[in-house]
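Data first, discussion second: the structure below is written as structure tokens.
The values are calculated or read from the model by the stated rules, or taken from the named source; none is laboratory data. Not measured: the values here are computed from a predicted model. Reconstructed Cβ throughout: ideal geometry from the backbone, glycine too, with neighbour counts over all protein chains shown. For accessibility, only protein heavy atoms count, side chains too; no ligands or nucleic acids. Shrake-Rupley method; radii C 1.70, N 1.55, O 1.52, S 1.80 Å.
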Amino acid sequence: MKKLRLALHKGEELRFLSHLDFAQAVERMIRRAEIKMAYSEGFNPHMKISFSSALALGVTAEAEYIDMDVLEEDTLESIMERLNRVAPHGLEVLGGKVMPEKVKKMMAICNYAIYEVTGPVTDVDADWDALLKPFNNATEISYEKVTPKKTRIIDVKEFVKEPIVASVKDGMVTLTMGIGIYPQGTIKPSEVWNLGREQFSWPITSGYEINRKAIMVENEAGRFTPLEVD
């Protein structure tokens, strides 16, 4: 048995798949490619696959990552080729790596994400450098985060530590934001978008699309993709 880590592209065609549906699509792709997988034990065996994180419904991703335990003697390159041959539109294997047998789960180590949030502007002549300055320069921004279990006040700048950058084209603005994912929680890119509209008067509507540009491992040495760490 060997453990493979693969980078998968989740494109527009799969935007409205939930995380569970996306996981099932990956499993079906593996079956169609006839990859011999290791399975868990017990009454309900399932493929030994783990994901880097759960993407919200409606969010695309440049690269999602999975760890999979395979019983194949085939090479990594051949396995990736077999998967791409049967992959549905919008799902593509971008790269991979053979990992050590014991590695930390990616959900435990992936703690930083870069998002692109795109939506219509209500003022095409707006100066976005000036509009973003109060948010980017603030040392603390209070936000009431509502979840099904509880409501609490969080400091947005605990999670959005670096300046948000805007680019405008054809009446649409794309806000690029880096968000930390920590044991104490995180903030959704949609929440940052709505906070900017409501508290900082950003000239945007309530409509947007989200693309996760990267999910990364941040440590004292820098930021790395899951394929760059063991």
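For helix 128-137, report the angle its Cα long axis makes with the longest principal axis of the Cα atoms of the chain; keep it between 0 and 90° and round to the nearest 10°.
Orientation of helix 128-137: about 80 degrees from the principal axis.
Could you work out which residue, out of LYS105, LYS169, LYS48, moves most in a Gaussian network model of the chain, that is, has the largest mean-square fluctuation with Cα springs under 10 Å?
Largest GNM mean-square fluctuation: LYS169.
Which order do TYR112, TYR143, TYR208 take when ranked by solvent-accessible area (1.4 Å probe, heavy atoms of all protein chains), largest first?
Descending order: TYR208, TYR143, TYR112.
If you restrict to DSSP beta bridges whose two residues both lie in the chain, what percentage is antiparallel, to the nearest 5?
Of the beta bridges lying entirely in the chain, close to 95 percent run antiparallel.
Let me know the charge dipole size of the stretch 12-116 about its Cα centre in debye, to the nearest 20, where only the beta-carbon of Lys, Arg (+1) and Asp, Glu (-1) is charged.
260
For the chain, state the average projected area of the convex hull of the C-alpha atoms over all orientations, rounded to one decimal in nm².
The number I arrive at for the chain is 14.6 nm².
With a cut-off of 8 Å between alpha carbons and a minimum separation of six or more residues, what is the relative contact order of the chain in percent?
After rounding, I find 26 percent.
Per DSSP helix of 4 or more residues, -39500 (n - 2.57); summed, then divided by the residues of the chain. What does that give at 222 nm, rounded to the nearest 500?
Details: 5 runs with 50 residues, N = 230.
Only helices count here, giving -6500 deg cm²/dmol.
Using the structure shown, select from LYS36/LYS213; LYS48/LYS188; LYS97/LYS157; LYS133/LYS213 the pairs with a Cα to Cα distance greater than 25 angstrom.
LYS36/LYS213; LYS48/LYS188; LYS97/LYS157
Using only the Cα atoms of the stretch 144-226, what do you get for the radius of gyration and for Dmax, in Å?
Looking at the stretch 144-226, its Cα Rg and Dmax stand at 14.2, 40 Å.
In degrees, nearest 10, range 0 to 90: what is the angle between the Cα axis of helix 76-86 and the longest Cα principal axis of the chain?
Once rounded, one gets 70 degrees.
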